[in-house]
Structure formats: C-alpha cells, structure tokens
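First up is the structure itself, then whatever we jot down about it.
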C-alpha cells in the first residue's frame with residue numbers, strides 16, 4: 001500500500017524513533033509498504049518518520065541509480081552493493097568516517113527542494129534486518145550518503161539542518177511555504 005509521506009513542518013519529522021524489539025505482522029506490513037511507497041516516489045531511502053511512525057526503521061535501495069556509484073565492503077572484502085539491496089535497517093548504529101564530501105541531496109519529505117550537503121564519505125553500519133538478524137558492513141559513495149541521511153531522520157534531524165546558511169537562505173521561501181502548508185493540513189485533521 002502506498003503510504004502518505006509527511007512533509008516538512010509535520011512534527012513527526014523531528015521525532016526520534018523508538019527501538020524495535022520484535023517483528024510483528026504490523027512491522028512486516030510497514031516495511032513492505034515503505035518499499036512500495038519509496039519506489040512509487042522514485043526515492044532511494046525512506047525512514048519510518050517520513051510515513052508517520054516514530055521507529056528506528058529505514059528502507060534503502062540504490063540499485064537504480066547509475067550516475068552516483070556506491071561501494072560496499074562485507075567482512076572486509078569489496079562487494080557489489082546490489083547484493084544487500086533492497087536493504088532494511090532496524091535500530092541502526094553508524095560510524096561515519098573519511099574525508100567530507102559535498103553533494104546534492106533531496107528528500108521525499110521536501111518535494112522539489114534540493115541542496116548541497118557535506119557528509120563524511122564513508123560509513124560503518126550495524127543494524128538488524130527484517131528478520132532481526134545482525135547486518136554489518138562498510139559503505140561509500142551514494143549508499144553511505146543515503147544511510148547517513150536516513151539515520152538523521154531516525155534521530156529527528158533533517159537534511160536542511162546540515163546545509164550551509166547560504167543554501168538555506170536560498171531555499172528559505174520554499175521551506176516557509178511547505179511548512180505553512182503542512183501546518184494548515186494538520187489543523188484540518
């Protein structure tokens with residue numbers, strides 16, 4: 001089922017997610033619906049907060065992106081990122097490392113808004129998958145960026161929080177309009 005994606009201005013986007021301790025039928029359904037929603041919207045990552053759930057859960061799939069490569073290491077060996085896609089990360093912990101890399105980012109909760117964000121170039125990730133089995137890997141390139149972006153969502157941090165003041169000033173009008181529209185929509189409910 002395609003879920004509604006909450007937009008900037010909705011308080012859920014600032015909520016830190018609760019840990020998931022058991023996989024219930026509702027969590028399984030949420031994971032499936034999040035993948036369906038992400039694909040429908042042509043995204044590469046989607047956090048539970050973006051669909052109105054304050055949980056430590058994100059889904060990622062970078063296989064369709066060919067112009068921004070990803071790297072992956074499993075057990076210290078290079079691997080094809082497609083091997084672990086589509087990727088479910090539950091209760092993730094990350095350790096970013098490497099030189100900072102500036103690149104354009106967008107977000108499904110900020111339609112039509114893009115801006116440059118600087119993040120470490122690589123990340124070590126530990127999480128549980130949809131079967132609550134541990135997954136551990138190193139990622140670089142786009143996969144690293146997406147993991148860091150989604151991890152921020154799980155902690156109530158938005159990509160605009162990581163933009164320079166100059167970039168935020170350039171998009172301020174769009175942000176204000178989106179925030180006002182979200183608040184007006186919430187008041188109707």
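The values are calculated or read from the model by the stated rules, or taken from the named source; none is laboratory data. All figures in this text were calculated on a predicted structure; none of them were measured in a lab. Neighbour counts run over all protein chains shown; Cβ positions are idealised from the backbone, glycine included.
Just a few scattered comments:
- Positions within the stretch 29-44 being in contact (Cβ under 8 Å) with a residue 40 or more places away in the chain and within 14 Å of residue 3 (Cα to Cα), in sequence order: 31, 35, 38, 41, 43
- Just one of (1) surrounded by 14 or more Cβ atoms within 10 Å (Cβ to Cβ); (2) in contact (Cβ under 8 Å) with a residue 40 or more places away in the chain; (3) over 27 Å from residue 25 (Cβ atoms); (4) in contact with a helix residue (DSSP H, G or I) (Cβ under 9 Å, 6 or more places away or on another chain) fails for residue 121. It is (2).
- All positions within the stretch 68-79 that are out of contact with any helix residue (DSSP H, G or I) (no Cβ under 8 Å at 6 or more places or on another chain) and either closer than 30 Å to residue 156 by Cβ or surrounded by 12 or more Cβ atoms within 10 Å (Cβ to Cβ) (or both): 73, 79
- Residue in the stretch 104-111 that is on the phi < 0 side of the Ramachandran plot, more than 15 Å from the chain's Cα centre (by Cα) and loosely packed, with under 15 Cβ neighbours inside 10 Å present: no
- For the stretch 8-24, the set of residues classified as exposed (fewer than 14 other Cβ atoms within 10 Å of the Cβ), in contact with a strand residue (DSSP E or B) (Cβ under 6 Å, 6 or more places away or on another chain) and outside any strand (DSSP E or B) consists of 19 only.
- Filtering 158, 175 for residues that are in contact with a helix residue (DSSP H, G or I) (Cβ under 8 Å, 6 or more places away or on another chain), within 25 Å of residue 18 (Cβ to Cβ), surrounded by 14 or more Cβ atoms within 10 Å (Cβ to Cβ) and modelled with pLDDT of 95 or more leaves a single hit, 158.
- Among the residues examined, residue 163 does not qualify as surrounded by fewer than 20 Cβ atoms within 10 Å (Cβ to Cβ), modelled with pLDDT of 95 or more and farther than 22 Å from residue 14 by Cα.
- The strands (runs of 3 or more DSSP E) falling completely within the stretch 52-110 that include 2 or more residues that are under 16 Å from residue 151 (Cβ atoms) and modelled with pLDDT of 95 or more map to 57-60, 87-106.
- The listed residues are 139, 82, and the only one of them that is touching a residue at least 12 places away in the same chain (Cβ under 8 Å) and out of contact with any helix residue (DSSP H, G or I) (no Cβ under 8 Å at 6 or more places or on another chain) turns out to be 82.
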